Amino acid sequence: MISAENPTDGADRVAVDAKGTQVTVDVVLSKLTIGYETTVASDAAREEGAEDTGGSADAAVGCVKGADVLLVLETGESLFAHSKYLANNPYFESHFSFLESNAAASAAAAAVKTVRVLPPFPSAFRSTIELIYNFSGKTPEESAAIAFDSISTKQLVPLLRNAQFFQMQPLIDACTRFFVANWKPIITRDYFSPKHLPENSLCPLLDKLVELKTPANIILEVLVFWCSNESREFSETAQPIVEKYLNLEKVSREAWENLALKAPTGLNVCVSSVGVVKNAVNSVGLEVNCSRCGWKSVAAIMKNNGYCSGEIHKAIRNRAGE
């Protein structure tokens, strides 16, 4: 809550209720008063900060003591933080450099800097900041190991998107490695979609799969589930990605059949009959289900110069012995 009243000079005011569970802080910033309410940890480590107790660095996240930064989200949520940890991160380092180089800001410098941030996933913001704290003083390899242990199938996409936003390469590397090891449950999550995981965020994951020589069946399944809730119009985006990362001729019959059953919508967004013919002309028994012609073999389409007059290609399957 921000008010334009002129606050009196003095220290920040802290009030804790009888149970010690809520704290209200008024931070004086130039001529604005920002009212902030947060939960206070019951243990001394949270109250004093990790550096006073020997605990992990992330215990200091949200602590009022020693805080010189107030991080404000678009949702209105705020979080006290410490520049000595944040300055190790490229995103925050650039913000602090701007604040320090701005003459007007320097003239009215306050004990607490306000930094407004717009992470892709506010729900994972605190977890992201905790990792920034824990990366302090660590090598990239050590940071990646710390990050890997904090990732779950549910949090993979939120953490990856936030990592890309905050330029956290160790977390990006950890998310990529986690995805390679746990792709199957991850692709069924609601967050695994173009809405939450756009193409520029998905492609690094696909790059790693290709680098590791992942079978074409798996890469196609990943892409099909990514598109599983999209309309036919999304084909213009999806199909070039399929062409970039896949040789459809290497997809097995079983994979075609399974995907046609499990995710027909995503399959039809990712692959067209013409695309199949172009990339899999040697596949035995490959068929396309055309809205006009019904099931039609690749051989029959090829006899017609690769042209199918049907408007909707509903599914794809392989049938042995065609």
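The values are calculated or read from the model by the stated rules, or taken from the named source; none is laboratory data. Keep in mind it's a predicted model, so treat the numbers as computed, not measured. Reconstructed Cβ throughout: ideal geometry from the backbone, glycine too, with neighbour counts over all protein chains shown. Just the protein is used for accessible areas: all its heavy atoms, side chains included, with ligands, DNA and RNA removed. Shrake-Rupley method; radii C 1.70, N 1.55, O 1.52, S 1.80 Å.
Considering the zone a paramagnetic label at Asp190 would reach in this model (a point 7 Å from Cα along the Cα-to-Cβ line), which residues of the range 153-168 have amide N under 19 Å from it?
153-162
Using amide H atoms built 1.01 Å from N in the peptide plane, name the residues 5+ places from Val69, or on other chains, whose amide H lies under 5 Å from its own.
Result for Val69 returns Ala81, Ser83, Lys113.
Looking at the square roots a ≥ b ≥ c of the eigenvalues of the Cα gyration tensor of the range 121-258, which shape do they give, rounded for a/c under 1.5, prolate if a/b is larger than b/c, or oblate?
Taking the square roots of the gyration eigenvalues as a ≥ b ≥ c, the range 121-258 is prolate.
Each residue of the range 77-85 in order: what ³J(HN,Hα) in whole Hz does its phi give by Karplus 6.51 cos²θ - 1.76 cosθ + 1.60, θ = phi - 60°, with x for Gly and Pro?
5, 9, 8, 6, 8, 10, 5, 5, 8
In sequence order, what are the phi-derived ³J(HN,Hα) couplings for the range 207-222 according to the Karplus relation 6.51 cos²θ - 1.76 cosθ + 1.60 with θ = phi - 60°, rounded to whole Hz, with x for glycine and proline?
Working through the residues one at a time gives 4, 5, 4, 5, 4, 8, 6, 5, x, 4, 4, 5, 4, 5, 4, 4 Hz.
Considering only protein heavy atoms and a 1.4 Å probe, what is the carbon-and-sulfur percentage of the accessible area of the range 129-193?
51
Return one whole number: the accessible area per residue of the range 141-249 in Å², for a 1.4 Å probe.
Working: 5090 Å² over 109 residues.
Each residue of the range 141-249 exposes 47 Å² on average to a 1.4 Å probe.
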